[in-house]
Amino acid sequence: MPTIQKALLFIILPTIAILSYSPQTLAGGLPVILVIIALMILLGVVLWRGRSLALTFAIFVQGLNVIVRIMMFFSFSISKEGVVSYPDMAAMFLGIILSMYLLLRLDRTDVRLTMVK
């Protein structure tokens, strides 16, 4: 697997999938965002080194992200007044689709073969 593909699969895409919320939602939590970015980079580095436990944890995190986003979809997309927020809806769809892709992609054989030292 090429280096750029590993970087995308292990570090960049998982971070985007976890943090894909609308800018209004992310604006208030800059310290939390920085901690999440640091943890996702750390997880990506451990994955890159071939730890199978890290792969299991990455798959778990992406699966949990899909479940949480599906549960939060309507509460984030539609306000109490019944107004639809299209940026929130698009961000939720992006997070669900990207996390589902990563969930299925990380569980494939070629990724597991790159995990062998």
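Below is a table of values for the structure above.
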item	result
Under 5 Å, built H, 5+ apart or other chain: amide partners of Ile78	Ser85
Mean accessible surface per residue for the chain, computed with a 1.4 Å probe while every protein chain stays in place, in Å²	62 Å²
Protein accessible area in the chain, 1.4 Å probe - carbon and sulfur %	75 percent
Met92 accessible area, assembled protein chains, probe 1.4 Å, Å²	0 Å²
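The values are calculated or read from the model by the stated rules, or taken from the named source; none is laboratory data. On a predicted model such as this, the values are computed, not experimentally measured, just so you know. Heads up: the accessible areas ignore ligands, DNA and RNA and are worked out on the full protein's heavy atoms, side chains in. Shrake-Rupley method; radii C 1.70, N 1.55, O 1.52, S 1.80 Å.
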